[in-house]
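The values are calculated or read from the model by the stated rules, or taken from the named source; none is laboratory data. Because the structure is predicted, anything quoted here is derived from the model rather than measured. Note that each Cβ is placed from the backbone with ideal geometry, even for glycine, and that neighbours are counted across all protein chains shown. Please note that ligands, DNA and RNA were not included when accessible areas were found on the heavy atoms of the full protein model with its side chains. Shrake-Rupley method; radii C 1.70, N 1.55, O 1.52, S 1.80 Å.
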Amino acid sequence: MGMTLPPDAREALVYRQGRGNLVARNLPLIFGYGLIGGGTVAFTAVMILDFQRDPSTPLAYFLLPVIVWGAFLEALLVSGAELSRSRFVVWANAFAPPFRRSRLFAPRLAAVIPFETAQRVVPGIRVVAGKERTYSVSVELRGGERLLVRESDVGTTGIRALLSAWSEWNNRLPAPSVVASAPSTPPLWVGREWREELAIGLGLLAILVVAALLIALAGNNNIAGRVAFAALFVSGFAFAVGWILSARYRMRRIIKMREDRPRLES
């Protein structure tokens, strides 16, 4: 598939991710999910055939394939946009995103994103051993999407190249004036990220509930096993609820920050 290059892209290339680097990052993901997917199908087939051969098998045991597939789909949901990796390239006036989607359920991104379509580019900084280190870059697009470019995806050099190219391009533009304005409607990415985080938490709760039904209906009187599962259920339930509440808090905080921030006059 050809890539549409920005104007003067051949003369303005800043950084291109090596193919070996991209393959090294893609292979474990492809192999891992291929193995998990194949194992899920095989495990389901073996379980169902085994249950059908034994007339005394409790009907509750047929919930096991549901739990296995639920766990597989939950893993896909957590991976999100990482399942659509692309080669990361930076030009002086644009970049090719490392993922073709900003989120799992988001529309497909363009192969090349000009800087003029980006509204904000914000580095994510953490302090390591007393020194600031940029571990990601958040690119907010004017269409309402947000793309996270992480150091683990494109490397330190890729992160620096993107920030440097954006800074140089932005410095060539006339400085906008800051004016007071009514709060703008939150961009699409705020609600989309919240819904995806909510789906992950609810998916985990659903898996736990189905597993609890299996334990309850199977009629196993092993007290130690039931106590162990009860502890696992409680801790998993608390984790899932905490995940949802944390995502809700982040969404509200982002909306509040955007409402309090003055808008740039376009």
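Of all residues in region 46-79, those being open to solvent by less than 50 Å² (accessible area, probe 1.4 Å), over 21 Å from LEU104 (Cβ atoms) and in a helix (DSSP H, G or I) number 6. Just one of the listed residues (ARG101, ARG85) is in contact with a Ser or Thr (Cβ under 6 Å, 6 or more places away or on another chain), crowded, with 16+ Cβ neighbours inside 10 Å and in contact (Cβ under 8 Å) with a residue 12 or more places away in the chain, namely ARG101. Only one of the numbered conditions (1) farther than 26 Å from ALA75 by Cα; (2) modelled with pLDDT of 85 or more; (3) surrounded by 11 or more Cβ atoms within 10 Å (Cβ to Cβ); (4) charged (D, E, K, R) is not met by ARG250, and that is (1). For region 173-194, the set of residues classified as open to solvent by 70 Å² or more (accessible area, probe 1.4 Å) and modelled with pLDDT of 75 or more consists of LEU173, LEU188, listed by residue number.
Of the residues screened, GLU132 is not one that is of a type in the set (Asp, Glu) and within 26 Å of ARG19 (Cα to Cα).
Could you check region 107-118 and list, in sequence order, the residues that are part of a strand (DSSP E or B) and either open to solvent by less than 70 Å² (accessible area, probe 1.4 Å) or more than 20 Å from PHE88 (Cβ to Cβ) (or both)? Answer for region 107-118, where residues must be part of a strand (DSSP E or B) and either open to solvent by less than 70 Å² (accessible area, probe 1.4 Å) or more than 20 Å from PHE88 (Cβ to Cβ) (or both): ILE113, PRO114, ALA118. Looking only at region 131-153, residues that are open to solvent by 30 Å² or more (accessible area, probe 1.4 Å), assigned to a strand (DSSP E or B) and within 18 Å of GLY80 (Cα to Cα) come to 3 in all.
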